[in-house]
Every structure is written in C-alpha cells, then in structure tokens.
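Okay, structure first, notes after.
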Amino acid sequence: LSLSNLDDRRQEIKQEMELCRSTTLKLFQGIDYETFCCQAHPDFSPVGWHLGHIAFIESLWLLEKFAQLPPLFPQYRRLFAADGLPKKQRGNLPTLEETKHYLDTVRKQVFQYLETADLEQQERLWRWLIQHESQHTETITFVLQLQGIKINLAERSPSPQVIIPNTPPTDEMVQIPAGKFEMGNDSIEALDNERLVHRVYLDTYCIDRYPVTCGQYRTFIEAGGYHNQNLWSDSGWEWLQKNSLNQPRYWTSDRNLDYHPVCGVSWYEAEAYAQFAGKRLPTEAEWEKAVSWDATLGCRRTYPWGEATPDDSLCNHNNIVGQTTPVNAYQTAQSFYGLYDTLGNVWEWTSSWFDGYAGFISYPYIGYSQVYFDGQHRVLRGGSWATSPWGLRASFRNWYHPHVREILAGFRCASS
Ligand code: AVJ
Ligand code: FE
C-alpha cells in the first residue's frame with residue numbers, strides 16, 4: 001500500500017472516531033449527576049459508567065498496549081474496567097465534566113499516536129474500537145429510556161412515508177429455496193464472532209417478510225397469551241411466573257403503533273408468540289441467508305439492499321428517528337428475497353445459542369465474545385433504531401441472556 005493511501009485511511013479513521021464520539025456526547029446533554037450515576041436496572045450499569053468505560057478501553061488498547069505508554073488516570077482502572085467492580089457498585093462516579101476530561105485527554109494522545117501508528121498492522125483494532133464505543137452508545141440510549149429520558153438526534157424529521165406507510169404490513173411469509181449460502185464476514189471491520197466466512201446448506205424454509213408488529217402481538221395478549229402455559233417453554237413459563245408480566249417492556253396501548261414492530265420482549269416472549277402463531281423463531285443462519293444472500297449472483301451482500309452504506313432513507317438507525325417506525329416503511333431496503341426492515345428498527349431474536357463459527361479466533365480478547373459461548377446467550381440480529389452505522393450489517397451478531405427485555409428487541413418468525 002502506498003503511503004498516501006495509508007494517510008487517507010488515517011484521516012478516515014479519525015473522522016469516524018470523531019463522528020462516533022459526537023453522537024455519544026450528544027446523549028449526555030442536560031443529564032444531571034443523579035441520572036448519570038443511577039443504575040436503572042440490575043443487568044445494566046449507570047450511563048456515566050459506560051462513558052468512562054469508553055475512555056478506559058480506548059486508553060488501554062491504543063495507549064497502553066500498542067503505544068506502550070504508561071496508564072493515564074490509573075485511579076480509574078478498577079472502576080471502568082469491565083472486570084473491575086460488580087455492576088451494582090458502579091454508581092460512585094466522577095462527574096460528567098470530569099469524565100469528559102478523561103475522554104478528551106485520552107483522545108488527544110490517541111490522535112497523536114494515530115499520526116505514526118502502524119495502520120497496516122492495526123487497522124482492525126482501530127475499527128473494533130469505533131464499534132466498541134458505538135455499542136456502548138446504544139446501551140446508554142436504552143438505559144436513559146428506562147430512566148424516562150427520550151433522545152432524538154434527528155436534525156430534521158423523517159419523511160412522511162416513514163411515519164405512515166401506505167398499506168398495512170401483513171403476516172405473509174417468504175419461501176427461501178433449499179441450497180447453500182455463504183455465512184459470516186471476513187472484512188476488516190468484521191468482529192471475531194463473524195469470522196470465518198463459511199458455506200452453509202439450508203433446507204427450504206419460510207420466514208416472515210416483516211418483523212412481528214404491535215398489532216399482531218396484541219392478538220397474542222388479548223387471546224390470553226401471558227396466561228396460557230401451553231404456549232411457553234418450561235424455562236419461559238418459570239421466568240414468566242417469577243416476574244408476573246403481561247405485556248412487553250416498551251408496550252403502549254397507542255393504536256398508531258400497530259404497524260410498528262413489537263419492542264422490548266425477552267427471548268421467552270418471542271418464543272411463546274411464535275408458538276401461538278403456529279411458527280417458530282428462525283435460526284441465525286436462516287435469518288442471515290434471507291437477509292444477505294443474492295441467489296442470482298451467488299454472493300453475499302453486506303447489507304440487504306447491497307453495498308451502499310446505511311443512511312436515513314434505507315433504515316431506522318443511529319437514533320435518527322429516536323423510536324420505532326412501521327415495519328414496511330423502507331421499501332427500497334428489501335433483501336434479495338424481499339424481506340423488509342431487517343437492519344435497524346428492532347433487534348431480532350433468533351433460536352440460536354451464541355457460539356463461535358468453525359475456526360474461531362478471539363479478538364481482541366476472549367472477554368469480547370468467547371466467554372459468552374456458554375450455552376446461556378441467544379443471538380440477536382439486525383440492529384435497532386439506536387444502532388450506529390458501524391454495527392449495522394447482515395453478518396453482525398449480538399447476544400443476550402434470554403430473559404433480557406430492556407434491549408430494543410423484537411423478532412420475526414419462521415417455519416419449515
Ligand atoms: C455485544 C452488546 C452484548 O454491551 O455487553 C461492549 C458489547 N462488549 N463491551 C455488551 C460489548 C464489550 C456487548 N454486546
Ligand atoms: Fe465494553
């Protein structure tokens with residue numbers, strides 16, 4: 001690679017890091033210290049912790065491990081390391097101003113290092129760091145939402161067809177013919193758990209054209225779905241009894257949301273609805289084939305619509321709308337097989353346990369993915385309305401315990 005090409009990439013990485021950071025910081029405008037330190041839910045840390053952790057990880061990987069500089073702010077290590085304090089002890093935080101000072105101090109040295117860093121060897125780590133921050137930014141968004149704070153970063157309102165679709169979405173399914181496809185991703189931004197690309201054969205199956213809507217989910221609620229043990233797995237029913245719930249976490253009775261995807265369901269609720277509908281959840285391979293495979297050309301697409309990077313005309317992401325949109329709003333974003341709304345809007349639960357693909361190699365550390373290959377985490381695909389462009393692609397894999405419903409998750413169903 002020529003030097004000038006490398007310098008272009010330095011410039012591009014710098015711009016993307018700045019763009020990502022500006023989105024992160026916008027979420028903290030007007031946030032008071034109590035909100036900053038509050039643990040809104042036992043499964044999640046205070047938003048202020050996430051902000052400090054972003055600086056800590058950037059400093060640890062780029063300045064300590066790569067540039068071999070002594071630790072900046074060593075007093076923060078125990079607080080902001082993921083394996084430091086338990087989540088419930090993360091509420092004693094520096095102020096927003098102090099945390100911003102930490103971020104800025106790290107960032108100044110990072111950009112200085114970027115000028116001479118060996119990008120040919122390190123580009124993957126720089127790209128990983130942008131994705132690391134943006135994943136925490138999504139968590140900050142929904143944790144603030146749990147605290148009753150609504151953020152909308154839109155500079156203009158979305159176009160009308162995004163808000164009110166012409167026609168109601170249906171519960172129709174698309175048939176995906178039997179055959180092989182290529183699963184995974186080996187490009188520079190692909191995370192360890194997306195590698196390696198491998199060929200997978202699937203029998204013919206059907207998958208919903210749209211995510212399950214609030215309107216459809218209401219029929220499940222009204223039919224007594226939350227009280228009918230026959231629809232639930234043993235572990236799902238046990239979870240339901242312990243928590244005595246009767247609607248999704250982000251449910252409202254607003255009929256204007258009937259065409260929006262249901263949002264804030266645990267994997268157990270998704271599984272019970274699928275049973276109610278006479279369907280099942282798709283495997284992650286079934287999800288990925290229906291979203292990324294171009295059967296005519298016999299090749300993978302990075303995004304359902306092709307290779308164009310996501311923007312606000314293609315899908316609801318990056319906090320542009322700040323909430324869900326109708327599942328049939330983005331007509332031009334359909335996959336080769338005709339699925340709608342696969343990237344953005346809501347994450348979609350799959351039936352698959354999170355695990356490594358054949359030949360998996362941890363990167364940059366086993367705590368990123370590998371420690372979650374424990375048969376306790378289910379895979380989600382597709383991204384939500386709060387997912388940044390850096391985490392939005394057909395091969396991206398997210399994972400959570402099946403009981404988690406605070407994330408921005410819905411689902412679509414499949415059948416054999
Ligand atoms: C992939 C979203 C489950 O936030 O726990 C952030 C991403 N890993 N820092 C998380 C992650 C380390 C992870 N999720
Ligand atoms: Fe992290």
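All of the numbers you see were taken from the coordinates with simple rules; none came from a lab. Keep in mind the model is a prediction, meaning the values are calculated, not measured. FYI the Cβ positions are ideal-geometry reconstructions off the backbone, even for glycines, and counts take in every protein chain you see.
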How much of the calculated P(r) for segment 1-147 lies past 24 Å, in percent of all Cα pairs?
-> 32
So what is the diffusion coefficient of segment 71-184 in µm² per second by Stokes-Einstein at 20 °C and 1.002 mPa s, using a Kirkwood Rh over Cα pairs?
-> 109
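What does the highest-first list of 37-48, 385-396 look like by mean Cβ count within 10 Å?
Working: 37-48: 19.5, 385-396: 24.3.
Ranked by mean Cβ neighbours within 10 Å, highest first: 385-396, 37-48.
Mind ranking 241-248, 215-222, 168-175 by how tightly packed they are, going by the mean number of other C-beta atoms within 10 angstrom, highest first? Walk me through the numbers on the way to the answer.
On the way: 241-248: 13.1, 215-222: 17.9, 168-175: 15.0.
By packing density, highest mean first, the sequence is 215-222, 168-175, 241-248.
How much length is gained on full extension from Arg77 to Trp237, taking 0.36 nm per residue of separation minus their Cα-Cα distance? All intermediate terms of the calculation are to be shown ahead of the outcome.
Working: separation 160, 0.36 × 160 = 57.60 nm, distance 4.07 nm.
Extra length available between Arg77 and Trp237 comes to 53.5 nm.
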Electrostatic dipole magnitude of segment 86-149 [Cβ: Lys, Arg +1; Asp, Glu -1; Cα centre; debye, to 20] = 380
In vacuo Debye scattering of the chain, one point per C-alpha: log10 I(q)/I(0) at q = 0.09, 0.12 Å⁻¹?
-> -0.55, -1.01
Straight-line reach from Lys14: which lysines have Cα under 22 Å away, leaving out those fewer than 8 places along the same chain?
-> Lys26, Lys65, Lys100, Lys108
Extent along principal axes [Cα atoms of segment 317-416; Å; largest to smallest] = 38, 34, 27
Anyone know which of Ser22, Ser351, Ser369 comes out most mobile in the 10 Å Cα GNM of the chain?
-> Ser22
